[in-house]
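Worksheet: one structure, shown below.
The values are calculated or read from the model by the stated rules, or taken from the named source; none is laboratory data. Every value quoted in this text rests on a predicted model; they were computed, and no experiment measured them. Cβ sites come from the backbone with ideal geometry, for glycine too, and all protein chains shown count toward neighbours. Accessible surface is based on the protein model in full, side chains and every heavy atom, while ligands, DNA and RNA are left aside. Shrake-Rupley method; radii C 1.70, N 1.55, O 1.52, S 1.80 Å.
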Amino acid sequence: MTDLLAGVRVVESAVLLNGDTVGMLLGDLGADVVKVEAPPLGDYLRYFLGQITPGVSVPHAQVNKNKRSVTLDLRTATGLDAFWRLIDTADVFVDGNRPGVCDKLGIGPAAMLARRPSMVYVQHTGFGASGPYSTIPTHGMLMNALVGAHCVVEDAEGQMRGGTFAVDGANLGGEATSVGALHAALHAVAALVRARETGKGAYIDVAASDATAAVAWLPMSLQRNDARITDRSGMAQRSDGELTGSRYQFYATADGKVALFGCIEQRFWDSWARAAGRDDLVGQSAGGGNDAVEWGMVQERRQVAEVIRTKTLAQWLTLAAEHDFALGAAYQSVEDVAADPHIQTRNVFVEGEHPVAGPFSYVGSPAIIDGEPYSVRRHAPAPGEHTVEILRELGLSTEELNELTGAPKK
């Protein structure tokens, strides 16, 4: 487990995925993430999207790992006082609530920065904390849909069904809560660097919908600037949303799996042809491009398909690695992805153990830092699992602890 953010304390106030994911990303980097929850049940993600055991759902086990949980009723004077004592020890505050919730509790960005000017206050919401839609409650697909990520068509019965865009756009931007959290965590760490240099904190307002568009910057910018393009020779050819060229295309392999062929540069095409034992194809020009790239033509697809079908996917991947040409697996199931020998050398899938739910398959990190394997420092906690531990760290007396936790006085 990386310790890049060791010594950084993050206080998180969030339910569901927007805020939870930001805290997870910072916790995965080594920060001490303290999740402040409302008693008695806390974050209801625990009971949402499939429970392994009562109170431990799959998304909770994944996104609330590497955190500690403290339950505080911020509507009470004692709860609010304990919260501020916790904030006095923190560097970053993650607000994953609807806009205005923390303001009503008296802990919004203005109050937070007035008390602690060096605080990095990062708020991650569906549509952002400003703008005419900011007060609308959101779930994941709403955030994607606002920026045009879902193609829908009306069927004969008047029902809306999924369709296919003729041209890619925000549909390539990823799942909104995740990509928004990445931007929130990135900006939080950047603001933390400035705060440690200057003492100046920041209020960061991240919309998951905006992040979806930002991650899909390439297709979105191509669409927005389409009328300005004067030379289209280097652009992929499409029909009804599908790639039509032969050299950037999906092909079936001998074992019934799928390879994505990407030899749009002539040098990669020639390397592939030699590795395939097809010297007759070396130097073949297929058109559909320019001096930089050749996308290939429809007529060439059958020729490439026949060659790709002569070997298994594993054989093609071995040849691609050895002979320097662009070809990769296009798996059709998560099980196949997890079983891939290359994926298994990375940090993306990690097996762990939750003390209540038992064995759990985590999605880890895309970054390998200093060669370290990814590991889970803390399991996703029960509501208030660390309340006494954290409040003792803050120096609360036994009497104050009893008042906050409801323990009987001695």
| query | When both residues are 6+ apart or on different chains and their Cβ atoms are under 8 Å apart, which pairs have a first residue that lies in region 332-352 and is of a type in the set (G, A, S), and a second that is open to solvent by 100 Å² or more (accessible area, probe 1.4 Å) and assigned to a helix (DSSP H, G or I)? | reply | A338/Q344
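Is there a residue in region 233-249 that is out of contact with any helix residue (DSSP H, G or I) (no Cβ under 7 Å at 6 or more places or on another chain), hydrophobic (A, V, I, L, M, F, W, C) and either open to solvent by 80 Å² or more (accessible area, probe 1.4 Å) or not in a loop (DSSP other than H, G, I, E, B) (or both)? First the steps, then the outcome.
At the first step, the residues of region 233-249 found to be out of contact with any helix residue (DSSP H, G or I) (no Cβ under 7 Å at 6 or more places or on another chain) are 233-243, 245, 248.
Narrowing the set further to residues that are hydrophobic (A, V, I, L, M, F, W, C) leaves 235-236, 243.
Pick out the ones that are also either open to solvent by 80 Å² or more (accessible area, probe 1.4 Å) or not in a loop (DSSP other than H, G, I, E, B) (or both) and you get 243.
Yes - at least one qualifying residue is present in region 233-249.
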| query | From C151, C102, which residue is more than 24 Å from L45 (Cβ to Cβ), in contact with a Gly (Cβ under 8 Å, 6 or more places away or on another chain) and not hydroxyl-bearing (S, T, Y)? | reply | C151
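Within region 97-130, count every residue that is in a loop (DSSP other than H, G, I, E, B) and either without any contact (Cβ under 8 Å) to a residue 12 or more places away in the chain or within 24 Å of A190 (Cα to Cα) (or both). If you could, list the steps in order and put the result at the bottom.
Start the filter on region 97-130 by keeping residues that are in a loop (DSSP other than H, G, I, E, B), which leaves 97-100, 105-108, 116-119, 126-130.
Among the residues that remain, those that are also either without any contact (Cβ under 8 Å) to a residue 12 or more places away in the chain or within 24 Å of A190 (Cα to Cα) (or both) are: 97-99, 107-108, 116-119, 126-130.
Total meeting the criteria: 14.
Considering only residues of region 329-350 that are surrounded by 12 or more Cβ atoms within 10 Å (Cβ to Cβ) and part of a loop (DSSP other than H, G, I, E, B), which is modelled with the lowest pLDDT? Even if it seems obvious, please write down each step before you answer.
Kept after step one, since they are surrounded by 12 or more Cβ atoms within 10 Å (Cβ to Cβ), are these residues of region 329-350: 329-331, 336-340, 343, 346-350.
When the remaining residues are screened for being part of a loop (DSSP other than H, G, I, E, B), the result is 330-331, 340, 346-348.
Details: A330: 96, Y331: 95, D340: 95, R346: 93, N347: 88, V348: 91.
Residue satisfying both the conditions and the ranking: N347.
For the subset of region 4-18 comprising residues that are of a type outside the set (V, I, T) and part of a loop (DSSP other than H, G, I, E, B), which member is most open to solvent (accessible area, probe 1.4 Å)?
L4
May I ask you to say which residue of A156, A166, A202, A188 is modelled with pLDDT under 95, over 18 Å from N144 (Cβ atoms) and within 29 Å of the chain's Cα centre (by Cα)?
Numbers: A156 fails: within 29 Å of the chain's Cα centre (by Cα); A202 fails: modelled with pLDDT under 95; A188 fails: modelled with pLDDT under 95.
Testing whether each residue is modelled with pLDDT under 95, over 18 Å from N144 (Cβ atoms) and within 29 Å of the chain's Cα centre (by Cα) leaves just A166.
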| note | Checked against (1) farther than 30 Å from P39 by Cβ; (2) at pLDDT 95 or above; (3) under 23 Å from the mean Cα position of the chain (by Cα); (4) surrounded by 17 or more Cβ atoms within 10 Å (Cβ to Cβ), P381 satisfies every condition except (1)
| Could you list, in sequence order, the residues of region 300-309 that are in contact (Cβ under 8 Å) with a residue 24 or more places away in the chain and either among the acidic types (D, E) or open to solvent by 90 Å² or more (accessible area, probe 1.4 Å) (or both)? | E300, R309
| Do we find a residue being modelled with pLDDT under 95, of a type outside the set (V, I, T), assigned to a strand (DSSP E or B) and out of contact with any helix residue (DSSP H, G or I) (no Cβ under 9 Å at 6 or more places or on another chain) anywhere in region 278-298? | yes
| field | Boolean, T310 is part of a loop (DSSP other than H, G, I, E, B), at negative phi, of a type in the set (V, I, T) and out of contact with any Cys (no Cβ under 7 Å at 6 or more places or on another chain) | value | yes
| remark: With criteria (1) assigned to a loop (DSSP other than H, G, I, E, B); (2) open to solvent by 30 Å² or more (accessible area, probe 1.4 Å), Q315 comes up short on (1)
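Any idea which of E322, E399, E353 is closer than 30 Å to P54 by Cα and open to solvent by 80 Å² or more (accessible area, probe 1.4 Å)?
On the way: E322 fails: closer than 30 Å to P54 by Cα; E399 fails: closer than 30 Å to P54 by Cα.
Sole residue among the options that is closer than 30 Å to P54 by Cα and open to solvent by 80 Å² or more (accessible area, probe 1.4 Å): E353.
Return yes when A166 is out of contact with any Leu (no Cβ under 8 Å at 6 or more places or on another chain), exposed (fewer than 13 other Cβ atoms within 10 Å of the Cβ), of a type in the set (A, V, I, L, M) and in a loop (DSSP other than H, G, I, E, B) and no when it is not. Working first, answer last.
Numbers: out of contact with any Leu (no Cβ under 8 Å at 6 or more places or on another chain): yes; exposed (fewer than 13 other Cβ atoms within 10 Å of the Cβ): yes; of a type in the set (A, V, I, L, M): yes; in a loop (DSSP other than H, G, I, E, B): yes.
Yes; evaluated as a whole, the condition is true for this residue.
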